[in-house]
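Bear in mind these aren't lab numbers, they're just calculated from the coordinates by the rules spelled out. Everything numeric in this text was worked out from a predicted model, so none of it was measured. So basically every Cβ, Gly included, is an ideal-geometry build from the backbone, and we count neighbours across all protein chains shown.
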Amino acid sequence: MTRSDPVPTLRPLPTAIAVIGVGAVVAVAVWRPWESTADAAGAPPQITVSRSQCGQGWTGPKTGRQTFTLHNTGDAAAEVDLVEVASNKVYAEVEGLGPNTSAPMDVQLGAGQFAFRCLIEDTDPITGPVTQLQGDAKGGPAVVPVTKNDLLPLVKQYEAAVATGVADLAAKTDKLRDDVDAGNLDAARADWLPAHLAYNSLGAAYDAFGDFSDKIDGSDAGFHPLEKGLWHNASAADLKPVADQLATDVHGLQNELPNDQVDPNDLGLRAHEIMENALQFELTGENDQGSGTTLNTALANLDGTAKVLAILDPVLKPRYPDLPAVQKWSDRTRALLTAHLNTPVGQLDRTTRQQLNGAVGELLEKLAPVAAICEVRRSS
């Protein structure tokens, strides 16, 4: 399946190509199983996108790899999906196609009946003319659309799991604060890591908890300044306000959770973003303020990813053939991290660092399609 987003973002999709349309910029993200990068021969068919002429203009229908030019002749922004009519599988999509704007859609199609579906603002989905394709070419990746009803019960499970995790975090952070308040810094050093791992196993990457993310685990507040002080001989008096504020912010997060609702689309993004965050900050040692435990934190991040994937399993299992490979590379990453817990990244030999980075890189590649597969789509 191929996909386009209206604004370039740090989203976990394999390839990002900027395409300039008429009066707008559309970011195109492509999931391609084939190796060739050559465009199909000949001028691509121009497909009309509007309320009255959705999907018209498909000439010379054929199987195989091909490119369409989508042109929005209407007065509202639109999303366009190319679907197989019988199965309702989506083979390609373009999002954020503004009025009087064009964008390419590159796709691999096999035999079957296909149609363009236009999802225009303030309008029910419109399916264009059905086109019959015949030939021996193999079709590319496609997904059965995920609906909001598919994801809502999973979101509830996720929210409940996060609430349980935050309650555990609050208890461990209170213990850490009490250690510091009592001047028992040896106990605080012992209790810092369990509290920090409790937070990171929640999957709190990319400001998942809004302002509380920086307050609890930012570079200038929360766990990391406390870590720096504990491992660099700061006094209990200096660390007391930091530990007190950390506990206050954790309870603030706990109190705020019932008022927050997770966007269903965020659930699919979370699976990739957690480990992307771990690769950037933990496996480089950037977040290490003295404890030497960033690999422990990366393992907690992996636990957070596993929780998200377990919740998404009913949606992913029938839609993502490469899901076993996700488990394979997750297991490989877990084994490597477990073998080197409590080891500062800087003390790892080159081979081990390469193995870790390679395993996480492969895992991220396999996690990349999850967000696109789990994206909520309107189909009726």
**Study point:** Free-standing Cys, the chain [no other Cys Cβ under 4.7 Å]
**Key:** CYS374
Exercise for review: Pick out, from GLN254, GLN157, PRO141, the residue whose Cα sits farthest towards the positive end of the charge dipole of the range 141-275, with +1 on the Cβ of Lys and Arg and -1 on the Cβ of Asp and Glu.
Suggested key: PRO141
Exercise for review: Name the residue farthest towards the positive end of the dipole of the range 167-319 from the options PHE209, ALA198, LEU226, assuming +1 on Cβ of Lys and Arg, -1 on Cβ of Asp and Glu, about the Cα centre.
Suggested key: ALA198
Practice item. Once every Cα of the chain carries one equal point scatterer and solvent is ignored, give the base-10 log of I(q)/I(0) from the Debye formula at q = 0.06, 0.07 Å⁻¹, two decimals. Key: -0.29, -0.39
Check your understanding: Taking a 22 Å limit on the Cα-Cα distance, which of the listed pairs LYS148/LYS317; LYS148/LYS215; LYS175/LYS240; LYS317/LYS366; LYS172/LYS366; LYS62/LYS89 fall beyond it?
Key -> LYS148/LYS215; LYS172/LYS366
Practice item. State, as an integer percentage, the relative contact order of the range 117-265 based on alpha-carbon contacts under 8 Å between residues 6 or more apart. Key: 25
**Study point:** Theoretical gain in end-to-end length, ALA43 to ASP238 [0.36 nm per residue, Cα-Cα removed]
**Key:** 63.3 nm
Check your understanding: Of PRO321, PRO225, PRO369, which is the most mobile in a GNM of the chain whose springs link Cα atoms less than 10 angstrom apart?
Key -> PRO321
Practice item. Let me know the charge dipole size of the range 148-374 about its Cα centre in debye, to the nearest 20, where only the beta-carbon of Lys, Arg (+1) and Asp, Glu (-1) is charged. Key: 800
Revision key, fill the gap. The relative contact order of the range 35-172, taking Cα pairs under 8 Å that sit 6 or more residues apart, comes to a percentage of 23
Study note, to complete from the structure: Among GLY110, VAL90, ILE120, the residue whose Cα sits farthest towards the positive end of the charge dipole of the range 82-122, when +1 is placed on the Cβ of each Lys and Arg and -1 on the Cβ of each Asp and Glu, is GLY110
Check your understanding: With the chain treated as a Gaussian network of Cα nodes joined by springs under 10 Å, which of THR333, THR127, THR164 yields the largest mean-square fluctuation?
Key -> THR164
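Provide the packing ranking of 228-238, 244-254, i.e. peptides ordered by the mean count of other C-beta atoms within 10 Å per residue, highest first. Intermediate results must be reported in sequence, preceding the final value.
On the way: 228-238: 14.5, 244-254: 18.7.
So the peptides 228-238, 244-254, ranked by packing, come out 244-254, 228-238.
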Point to revise | Rounded tilt (10° steps) of 294-316 against the dominant C-alpha axis of the chain | key: 40
Study note, to complete from the structure: About its Cα centre, the chain carries a charge dipole, from +1 on Lys and Arg Cβ atoms and -1 on Asp and Glu Cβ atoms, whose size in debye to the nearest 20 is 1420
**Study point:** Point-to-point label distance, SER219-LYS138, nm (Cα→Cβ direction, 7 Å offset)
**Key:** 4.6
**Study point:** Inter-probe distance in nm under a simple model that places probes 7 Å from Cα toward Cβ, at THR73 and THR123
**Key:** 1.2
